[in-house]
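J.: Just passing along the structure, written as structure tokens.
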Amino acid sequence: MAFYLLRVPQRDLETFAHSLSNLKKLTKICKICHNLTDQEQCSICSDPSRDPTQVCVVESFQDVLAIEKAGSYPGVYHVLHGSISPLNNIGPDELYIETLVKRVKQGIVKEIILATNTNLEGEATALYIKQALDGHKTEISRIGRGLPTGVEIEYADDQTLVQALLTRKSI
Ligand SMILES: [Zn+2]
């Protein structure tokens, strides 16, 4: 990286250095969905054209970017910031699951789409959330056909993601 930066013009380098030093200062976490933002609420949560009754639950903000890039999802998100992974000492309390339950309790959310990765941790996380939301009147679905087992959402191609969201099924 240092070798690459040595070839960048000085002015660009200074702009880059300035942005870099502000990266953490200006980056906030959306108070509703926990996506990255520079405001109190992210651009998706504050967009009136998005459907707040449909919430897609993902592990990371990279997953939000991937689904947004695919461009056919009309709802909003909930970013967990990881997945349940006993091997890495990450339990449900380390993730934003409690705030998801709170969002559902508020009564606006009609459908939860569990779009965690299709690996072991992602499946365990989806199952845990389904159980945590048991008894609430919200429809819960899991992303469907299209995503091979073990694949990470972030690296799936656009068409596969569109298919996976369209063919979600109740769990
Ligand atoms: Zn948000």
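The values are calculated or read from the model by the stated rules, or taken from the named source; none is laboratory data. Since the structure is predicted, the reported quantities are computational estimates derived from the model, not experimental observations. All Cβ positions, even for glycine, are placed from backbone atoms using ideal geometry, and neighbour counts span all protein chains on display. Protein only, heavy atoms only, side chains kept; ligands, DNA and RNA dropped before computing areas. Shrake-Rupley method; radii C 1.70, N 1.55, O 1.52, S 1.80 Å.
J.: Filter segment 97-113 down to the residues that are open to solvent by 70 Å² or more (accessible area, probe 1.4 Å) and out of contact with any strand residue (DSSP E or B) (no Cβ under 7 Å at 6 or more places or on another chain), then identify the one that is nearest to residue 134 (Cα to Cα).
T.: Restricting attention to segment 97-113, the residues satisfying the condition of being open to solvent by 70 Å² or more (accessible area, probe 1.4 Å) are 98, 102, 105-106, 108, 110.
So of that shortlist, the ones also out of contact with any strand residue (DSSP E or B) (no Cβ under 7 Å at 6 or more places or on another chain) come out as 98, 102, 105-106.
Working: 98: 13, 102: 13, 105: 11, 106: 15 Å.
For segment 97-113, the residue satisfying everything is 105.
J.: Then there's this: What single numbered condition from (1) part of a loop (DSSP other than H, G, I, E, B); (2) under 16 Å from the mean Cα position of the chain (by Cα); (3) at pLDDT 80 or above fails to hold for residue 151?
T.: Residue 151 satisfies every listed condition except (3).
J.: I've got another one for you. When residues of segment 3-35 are filtered for being out of contact with any His (no Cβ under 6 Å at 6 or more places or on another chain) and within 9 Å of the ligand (Cβ to nearest atom), how many remain?
T.: Number satisfying all stated conditions: 6.
J.: I'm trying to understand the selection: among the residues of segment 55-95, which are away from the ligand (no atom under 13 Å from the Cβ), in contact with a Lys or Arg (Cβ under 7 Å, 6 or more places away or on another chain) and closer than 20 Å to residue 133 by Cα?
T.: Selection gives nothing.
J.: Filtering segment 3-40 down to residues that are open to solvent by less than 50 Å² (accessible area, probe 1.4 Å) and not hydrophobic (A, V, I, L, M, F, W, C), which residue is farthest from residue 112 (Cα to Cα)? Before the answer, list the steps.
T.: Pass one, segment 3-40, residues open to solvent by less than 50 Å² (accessible area, probe 1.4 Å): 5, 8, 13, 22, 30, 33-35, 37.
Within this subset, residues satisfying the condition of being not hydrophobic (A, V, I, L, M, F, W, C) are 22, 34-35, 37.
Values: 22: 34, 34: 16, 35: 16, 37: 22 Å.
That would be 22.
J.: Return only the number of the condition from (1) more than 16 Å from residue 166 (Cα to Cα); (2) open to solvent by less than 10 Å² (accessible area, probe 1.4 Å); (3) within 13 Å of the chain's Cα centre (by Cα) that residue 85 does not satisfy.
T.: (3)
J.: Let me ask something else about it. Name the one entry in 29, 67 that is β-branched (Val, Ile, Thr) and within 25 Å of residue 167 (Cβ to Cβ).
T.: Working: 29 fails: within 25 Å of residue 167 (Cβ to Cβ).
Of 29, 67, the one residue that is β-branched (Val, Ile, Thr) and within 25 Å of residue 167 (Cβ to Cβ) is 67.
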